[in-house]
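Right, one structure below, let's go through it.
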Amino acid sequence: MLPTIVQSTLILLSISSVIQISENSALSIFEQKKYKRYTDAQGLYSSKDDVDILTVENFKNELYGNKRAWLIEFYNSWCGFCQRFAPSWKALATDVKDWKSLVGIGVIDCSNDQNNAICREFEIMSYPTIKYFHENYQEDLKQLGHKISVGSDVREHRQKLLREIMNEQAEDRGKQYPNILPYTHEDLSLIFNGVDSDVRYTFLIVQEPTDFIGQELAMDFHKIRDISISYSFNNNTDLVKMLKLSKFPAIFSVAQDLTFQSLNPSASSREAYKISISQFLKPKHITVPVNVKKEIFEGKWLENKAMDMKEFMHEREREALKEKIKKMGDVVFQMDLETALRYSLKHEVAGVKEITGDKLEALKTYLNVLAKYFPFGKYGQQFLRQLRDFVASRTTLDGNEIAKLLESAEKEESQVFSTPQNWLACKGSSTAFRGYPCGLWKMFHYLSVNAADSSMGLKGASPMVVLGAMHGYIKNFFGCADCSRHFQEMAKRQGIFEVTSWDDSILWLWMAHNEVNKRLSGDETEDPEFPKQQFPTQEKCPRCHNKDDSWNIPEVLHYLKHVYSSINIRYIGSDTRILHLGLDGSTVRSEPSFFKSIDAAMCFILYVASFLLIIALIHMFLRRGYRKKLYAHDLLGKV
């Protein structure tokens, strides 16, 4: 009984300390469930991090009998130290990403109930705990890994890992690693001993005993078959004298005939030495892959503020939504269409001080198309028709008038917009990417397909209606002047005004969009998470691509009509109660507001009249009651 009480007390003290350290307000039961749902056994780490996320499901399969070693953090999501530590551990995984085939940087969340047995089996008593497991590790009750003290930053984490690897090699393990033990000979005669026969150059770094540049470079370049990396310490006096060195660190290239050449890195850093080696090898036709350096957290993790768990959950929720949207494929979201429309009217049309002449005519054409085909609900369609009619009656217009009308429409009681002003499928990796241009393209694709669907076969309907509106809008209102100029040049070159059929109008816009994507591919404006591609991709529409890589136009047209049809709109984040009328864009005529007032008044009058009638009937029955006895047939009638 006593041990149980003691154990319970320790658990309570542990929980108390965790709450104090975490600097977070306590999470409700609902929030804890939400946390578990959105972290999906990933805890403080996610699939976008370079760490390997381990769970009870994969831990032993990954650890035992694996050709690579493991450096694993055992942590608790609610632990403030672990929250501070996570950015530093992520930084290590990114920093040594090139070592991934040799050693995995892993994590396992011990606060997850399913992982409890693993953490208990490996005797994890505090968080975070770091353990190293050598290659080909075997399951044994006494084999619990080698505990390593936690470093203060990513540099110390990396150095502690390298020390562990050196210890492994000193004990004749770590065969999968390149040799990172120091070269101790007094000259270069044995520097090619133990390396593969196809190695053409060995790079020798002479450094202080406390430096790790040589070991780091050996690991960084382990995949390059034509070279090897070796290092020696500056206390190897005979070697230092032979190389005539006085400053450290220093680096030399050594050829197979033992001729050597001093290199001159721009700085005494790992990155500078990597660049120097790459530059030396380039004229030798030895290619060294240059990875784009990713920003990582390099500060002291103990000085890092513990994360706000609620904000962390919100971020995970956003990530989950982002992944869900990706999996949905080529669909159109109501939120993107409404956000594009709002931006168009609020920031571009309303931003013009005086709208006259060609600008006014372009705006009239644009609003006419929106009023006919934009997928609004009843009151949204009413707003667009009123806006269209308001502009149609004017010969000159101040953009501020549009802003005021839109401001009124954005009020919640107006029930015009069904979504907040945010992006879903058009959301970029940062606010500098995608957004409005993406939303505008989607909106015009949608309008072109639905104009064709609604108007095909109608007498007098012009297939140019949407393309003409788009051309006029881009020319007169689109905020990017260069983009507008490019579009107009392309429109003229590709014969936008020569389109004569509804199908051709859909295909012309598709062709134009792909031409723009091709032009902007690799441009600095391209979102790295969403590279510009020719649409639709082979993955999304295999039938759209012929075997010779040409387009199968009938299949492309069929695909476009499906993707941008009204039945393919998705309503994530939309209030569908606002959209339940007129979703197909039809002109649902709403009764004038005075009819609504009359209806309300009539309902009130009927209510009062009904109430008075009931009072009168009760009064009548009561008066008859004292004159004679009341029977059922007096009320229901005699048979």
Breaking point among (1) in contact (Cβ under 8 Å) with a residue 60 or more places away in the chain; (2) touching an Asp or Glu at 6+ places or on another chain (Cβ under 8 Å); (3) of a type in the set (D, E, K, R), for GLU354: (1)
Report yes if some residue within the stretch 274-290 is touching a strand residue (DSSP E or B) at 6+ places or on another chain (Cβ under 7 Å) and part of a strand (DSSP E or B); otherwise report no. no
Do we have any residue at all in the stretch 81-89 that's small (Gly, Ala, Ser), in a helix (DSSP H, G or I) and crowded, with 19+ Cβ neighbours inside 10 Å? yes
Within the stretch 155-202, can you find the residues that are touching a strand residue (DSSP E or B) at 6+ places or on another chain (Cβ under 6 Å) and either of a type in the set (Ser, Thr, Tyr) or on the phi > 0 side of the Ramachandran plot (or both)? TYR183, TYR201, THR202
Provide a single number: the residues in the stretch 137-158 that are open to solvent by 60 Å² or more (accessible area, probe 1.4 Å) and more than 36 Å from the chain's Cα centre (by Cα). 7
Restrict the check to the stretch 271-285 and report whether at least one residue is of a type in the set (Asp, Glu), open to solvent by less than 80 Å² (accessible area, probe 1.4 Å) and in contact with a Gly (Cβ under 7 Å, 6 or more places away or on another chain). no
Name the one entry in ILE130, ILE108 that is in contact with a Ser or Thr (Cβ under 8 Å, 6 or more places away or on another chain), more than 21 Å from MET166 (Cα to Cα) and in a strand (DSSP E or B). ILE108
Six or more apart or on different chains, Cβ under 9 Å: which pairs go from a residue in the stretch 395-413 that's without any contact (Cβ under 8 Å) to a residue 24 or more places away in the chain to one that's part of a helix (DSSP H, G or I) and not aliphatic (A, V, I, L, M)? Could you list them? GLU401/PHE390; LEU405/PHE383; LEU405/GLN386; LEU405/PHE390; GLU407/LYS346; SER408/PHE383; SER408/SER414
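Going through ARG173, ARG163 one at a time, which residue ends up being of a type in the set (Lys, Arg), out of contact with any Asp or Glu (no Cβ under 6 Å at 6 or more places or on another chain), outside any loop (DSSP other than H, G, I, E, B) and open to solvent by 20 Å² or more (accessible area, probe 1.4 Å)?
Working: ARG173 fails: outside any loop (DSSP other than H, G, I, E, B).
Matching residue, one of ARG173, ARG163: ARG163.
Which residues, taken from the stretch 222-248, are under 21 Å from TRP99 (Cβ atoms) and either aliphatic (A, V, I, L, M) or surrounded by 15 or more Cβ atoms within 10 Å (Cβ to Cβ) (or both)? Give the steps one after another, and end with the answer.
Narrowing the stretch 222-248 to residues under 21 Å from TRP99 (Cβ atoms): 222-231.
Result: HIS222, ILE224, ASP226, ILE227, SER228, ILE229, SER230, TYR231.
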With the requirement that a residue be surrounded by 12 or more Cβ atoms within 10 Å (Cβ to Cβ) and at pLDDT 80 or above, what does the stretch 565-606 give you? SER565, SER566, ASN568, ILE569, ARG570, TYR571, ILE572, GLY573, SER574, ASP575, ILE578, LEU579
Of everything in the stretch 258-270, what is farther than 17 Å from THR210 by Cα, open to solvent by 30 Å² or more (accessible area, probe 1.4 Å) and assigned to a loop (DSSP other than H, G, I, E, B)? Give them in sequence order. LEU258, THR259, ASN264, PRO265, SER266, ALA267
Residue satisfying all of: in the stretch 235-257; under 51 Å from the mean Cα position of the chain (by Cα), assigned to a loop (DSSP other than H, G, I, E, B) and not basic (Lys, Arg); nearest to ASP196 (Cα to Cα) among these: GLN256
Please pick out the residue among GLU139, GLU123 that is assigned to a loop (DSSP other than H, G, I, E, B) and touching a residue at least 60 places away in the same chain (Cβ under 8 Å). GLU139
Could you list, in sequence order, the residues of the stretch 96-114 that are farther than 30 Å from LEU217 by Cβ and open to solvent by less than 20 Å² (accessible area, probe 1.4 Å)? ILE108, ASP109, CYS110
Yes or no: PHE192 under 28 Å from LYS67 (Cβ atoms), in contact with a helix residue (DSSP H, G or I) (Cβ under 7 Å, 6 or more places away or on another chain) and of a type in the set (Phe, Trp, Tyr)? no
Which members of the stretch 68-80 meet the condition of being open to solvent by 30 Å² or more (accessible area, probe 1.4 Å) and assigned to a helix (DSSP H, G or I)? none
Pairs with Cβ under 7 Å, 6+ apart, first in the stretch 267-290 and among the aromatic types (Phe, Trp, Tyr), second part of a helix (DSSP H, G or I): TYR273/ILE213; TYR273/LEU217
Exactly one of (1) small (Gly, Ala, Ser); (2) open to solvent by 10 Å² or more (accessible area, probe 1.4 Å); (3) under 19 Å from ARG316 (Cβ atoms) is unmet by ALA93. Its number? (2)
Output the residues belonging to the stretch 115-136 that are under 17 Å from ALA69 (Cα atoms), in contact with a helix residue (DSSP H, G or I) (Cβ under 8 Å, 6 or more places away or on another chain) and open to solvent by 60 Å² or more (accessible area, probe 1.4 Å). none
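Quick check on LEU217: is it open to solvent by less than 10 Å² (accessible area, probe 1.4 Å), in contact with a strand residue (DSSP E or B) (Cβ under 9 Å, 6 or more places away or on another chain), in contact (Cβ under 8 Å) with a residue 40 or more places away in the chain and not in a strand (DSSP E or B)?
The answer is yes for LEU217.
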What's the total number of residues in the stretch 541-564 that are of a type outside the set (Phe, Trp, Tyr) and crowded, with 16+ Cβ neighbours inside 10 Å? 10
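The values are calculated or read from the model by the stated rules, or taken from the named source; none is laboratory data. Since the model is a prediction, treat every value here as computed from it, not as a measurement. Backbone-built Cβ (ideal geometry, glycine too); neighbour counts: all protein chains shown. Only protein heavy atoms, including side chains, enter the accessible area calculation; ligands, DNA and RNA are left aside. Shrake-Rupley method; radii C 1.70, N 1.55, O 1.52, S 1.80 Å.
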